[in-house]
Amino acid sequence: MNAMDQLDRIAITVKAHRLLRQLLKENPRLEEILRNSKNEIEARIGIRNWVLDELRQRPQALAYYEGRSSGREAFEALSWSDYAAIRLLDYVDQAGREFPDLNLRGEIAVSNPVRQLWLAVIHGTGGAKPDFFDDVLQLMRQFGGRSTVRTPTREEVESWMERYPSGLDPRIVALREENRERILHLIIDRIDRGELQSQRFAFEPGMSRSAKSDRALEWWADPAFHLRMAIRSPQLLNEMLGNSLDPDTMRVLQRAQDAGIPFFVNPYYLSLLHVRVPYFAIGADLAIRHYVVYSQQLVEEFGHIRAWEKEDLVRPGIPNAAGWMLPPYDNVHRRYPDVAILIPDTTGRACGGLCSSCQRMFDFQRGSLNFDLQALEPRATWPQKLGELMRYFEEDSQLRDILITGGDALMSSDAALARILDAVYGMAAAKRAGNEARERKYAEIQRVRLGTRLPVYLPQRITSQMADILARFRERASEVGIRQFVIQTHFESPMEVTPEAREAVQRLLGAGWIVTNQLVFSAGASRRGHTAKLRAVLNEVGVLPYYTFVLKGYRENSFNYAPIARVVQEELEEKKIGRLPERYYDEVRQLPERATSMLRQVSTLRGRACVPFLATDRSVLNLPAVGKSLTFRVIGITRYGRRILEFDHDRTRAHSPIIDRMGKVVVIESKSIGEYLRQLAEMGEDPAEYEGLYGYSMGQTEPRLPLFEYPPYDFEVTDELTNFELPPEDEDPRADEPETVGSAMR
Ligand code: SF4
């Protein structure tokens, strides 16, 4: 007997039986089809004919299902029950398809929901779980018009937003001061006991306790203090949190340390976590807390984590998964023709902290990113290597956008940062000069971005010296055609927007760089109103939302994962109230040109457009292939109720030609909707407020706002592609990846 046959014989549970009975009671036609079918094939044919009959009465929806119409307009014209009809047909069409499920380390998942239903009705078997039946029950209600969707009013959304104080709220500021005092006291004790030794952060003999407190308070403004005093063990983390972590959490954290997951929580960021929680702050720090406290799933998977983005794997002499030939180091990542990521060999390979659901956990696992700050100091060979990397950009026909990141771009020292920016300036100038002699022109550099979470993790690092370096670069680089200077940051919660963060943002804006935010839509951040509030607070300090990302990763990130249905719901319900009408697009386009007056510009724009925040962000998933998209349909579901989604690429941007060969991309979610709703309830949410969530089974990538477009050139760029080679058809970019890359670190 094969594994599938074995699963088919598994009896369903009592709870699953109850849900099935309810399903059949509400849907007599479905029951009739299932009971009268001799096998699952007949059941599929019966369901298909039934749904198609319904859909034929709605030609627009039929055309969408058949792929004869597509795009945002066609998507928005679909009715609520159309979503359900299309999903049912997709379930039937895709029945029996097998997918390697990387949430289960590559085990094969088969989607055949009609077979599960038929087996359950006829034999009481099939092994499907209650979350599967719950999902089908909701689907049939949607199809039969018994559940409808209601978009919340602006007042409702605003009342949800009010649940979340920001880090600028004076009551929260006072709480953080209390936290800071507690942490500093513990640090002073540790220094006194000789457990912390540092030449720079030491007390003179005979200093009184109050003099030490004053000195420690001065150190608080020094970024080096926070890096030096960062917490690197679970025991210390608990101690600094007033021993408030429960024993279960501590057991998980201890296992995390044993598994080799780095701990790095600096005192400033730790002070954002509450130990004493007054009524106005209940649950407010949850999204932050979940970024610091590792989940059991992460601990279990660490050592087996697979790189989500295939094109991040670089092998000398072989094109990456997107077809780009890259320099023979791990410093350049590239998906698109016009943009490449630069990861310098500096302390920028570390971060100000480790986010538990970090998109680069694979790199922390294999050690290419880490918190060994001394070892990350640039080697003598770095300047020469940097020159080689810059030549790659200079000699590429399409690159016009360089994203310097890590780790964290601003973790580099001032000198290292200045060196990198000098090199970028030289490269941009040389690229421009090279074009003079060229008949078929190459793209010139127009945009420079620095990817950093330091305005959040360690705003003290954004010093006036750093701002001077950035301002000087902007001035010089503007002369060689660079027009967009962007700090790309990652605020996750309104509670991270503190007075210190606001000051850091002000410095960056003052240097003429705009600050944009990429939010990761984690479970904690996905609570009603949380992200909308974050957008509003970011606007208040001059930050523009850029992307809302579906949380990437497999089972290691399942705890923090919010299903894509919730991402679409947020986009269509809450974010909707911040959309700017097209008549404001010209003004939006101007924003980056005048970064220094960003606060005033944003506030004027919000007032004139009468919106509570500027929803300038697109909600997307970074595909585990090439590019970003939210154009998808749910085409299947596992026995556990985890959905299987098929994505198309975002056709509105320049891509590597490889996407034409790749076809669609399948993603299996790591969490069912039922599991997610139970988690929300655990977080104190009322699941009734998420009504309709099950129904969001399709999406269409939102249009990009002009704010994030490249300025036009006054010449035509060649369509020749350099540094590009189509990899052989059967090439598996993961083939060389060791199975348990992290095991050496344990
Ligand atoms: S700041 Fe970015 S790279 Fe660093 S740990 Fe967080 S998500 Fe990962």
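The values are calculated or read from the model by the stated rules, or taken from the named source; none is laboratory data. Quick caveat: nothing in here was measured; it's all calculated off a predicted structure. We place every Cβ from the backbone using ideal geometry, glycine too, and count neighbours over all the protein chains shown. Quick note on the areas: whole protein, heavy atoms, side chains included, nothing else; ligands and nucleic acids left out. Shrake-Rupley method; radii C 1.70, N 1.55, O 1.52, S 1.80 Å.
Right, PHE485: buried (at least 20 other Cβ atoms within 10 Å of the Cβ) and assigned to a strand (DSSP E or B) or not? It is true that PHE485 is buried (at least 20 other Cβ atoms within 10 Å of the Cβ) and assigned to a strand (DSSP E or B). In this structure, ALA443 does not qualify as of a type outside the set (Lys, Arg) and either assigned to a helix (DSSP H, G or I) or within 16 Å of the ligand (Cβ to nearest atom) (or both).
Scanning region 452-461 for residues that are open to solvent by less than 10 Å² (accessible area, probe 1.4 Å) and either among the small types (Gly, Ala, Ser) or in contact with a His (Cβ under 6 Å, 6 or more places away or on another chain) (or both) yields a count of 1.
Checking each residue in region 537-565 for being part of a helix (DSSP H, G or I) and buried (at least 23 other Cβ atoms within 10 Å of the Cβ) picks out VAL537, LEU538, ASN539, GLU556, ASN557, ILE564, ALA565.
Within region 365-377, can one find any residue that is more than 10 Å from the ligand (Cβ to nearest atom) and on the phi > 0 side of the Ramachandran plot? Taking every residue of region 365-377 in turn, at least one turns out to be more than 10 Å from the ligand (Cβ to nearest atom) and on the phi > 0 side of the Ramachandran plot.
Listed here are the residues, each with its yes/no results for (1) farther than 29 Å from PHE473 by Cβ; (2) in contact with a Ser or Thr (Cβ under 9 Å, 6 or more places away or on another chain); (3) within 15 Å of the ligand (Cβ to nearest atom).
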residue	(1), (2), (3)
GLN488	no, yes, yes
ASN517	no, yes, yes
LEU538	no, no, no
GLY553	yes, yes, yes
GLU574	yes, yes, no
GLY578	yes, yes, no
TYR584	yes, no, no
ARG589	no, no, no
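On the stretch given as region 454-486, residues that are touching a residue at least 60 places away in the same chain (Cβ under 8 Å) and either away from the ligand (no atom under 14 Å from the Cβ) or over 22 Å from the mean Cα position of the chain (by Cα) (or both) total 7.
Here SER478, SER558, SER493 are screened, and the one residue that is under 30 Å from GLY106 (Cα atoms) and of a type outside the set (Asp, Glu) is SER558.
Of all the listed residues (PHE715, PHE724, PHE708), the sole one being surrounded by fewer than 15 Cβ atoms within 10 Å (Cβ to Cβ) and in contact (Cβ under 8 Å) with a residue 24 or more places away in the chain is PHE715. Restricting VAL339, VAL293 to those that are in contact with a Leu (Cβ under 9 Å, 6 or more places away or on another chain), away from the ligand (no atom under 15 Å from the Cβ) and hydrophobic (A, V, I, L, M, F, W, C) reduces the list to VAL339. If you take the residues of region 110-158 that are of a type in the set (Ser, Thr, Tyr) and open to solvent by 10 Å² or more (accessible area, probe 1.4 Å), which of them is modelled with the lowest pLDDT? Looking at residues that are of a type in the set (Ser, Thr, Tyr) and open to solvent by 10 Å² or more (accessible area, probe 1.4 Å), I get THR148. Hey, does region 81-96 have a residue that's of a type outside the set (Lys, Arg), outside any helix (DSSP H, G or I), open to solvent by less than 30 Å² (accessible area, probe 1.4 Å) and out of contact with any Ser or Thr (no Cβ under 8 Å at 6 or more places or on another chain)? No, the conditions are met nowhere in region 81-96.
Each residue in region 394-436 was checked for being among the hydrophobic types (A, V, I, L, M, F, W, C), more than 16 Å from the ligand (Cβ to nearest atom) and under 23 Å from the mean Cα position of the chain (by Cα), and 1 pass. Filtering region 4-39 to residues that are open to solvent by 50 Å² or more (accessible area, probe 1.4 Å), assigned to a helix (DSSP H, G or I), in contact (Cβ under 8 Å) with a residue 12 or more places away in the chain and within 16 Å of GLY126 (Cα to Cα) leaves MET4, LEU7, LYS15, HIS17, ARG35. Listed by first and then second residue, the pairs with beta-carbon distance under 6 Å, at least 6 apart or on different chains, first residue in region 359-373 and touching a residue at least 24 places away in the same chain (Cβ under 8 Å), second away from the ligand (no atom under 11 Å from the Cβ) and among the hydroxyl-bearing types (Ser, Thr, Tyr), are LEU373/THR347.
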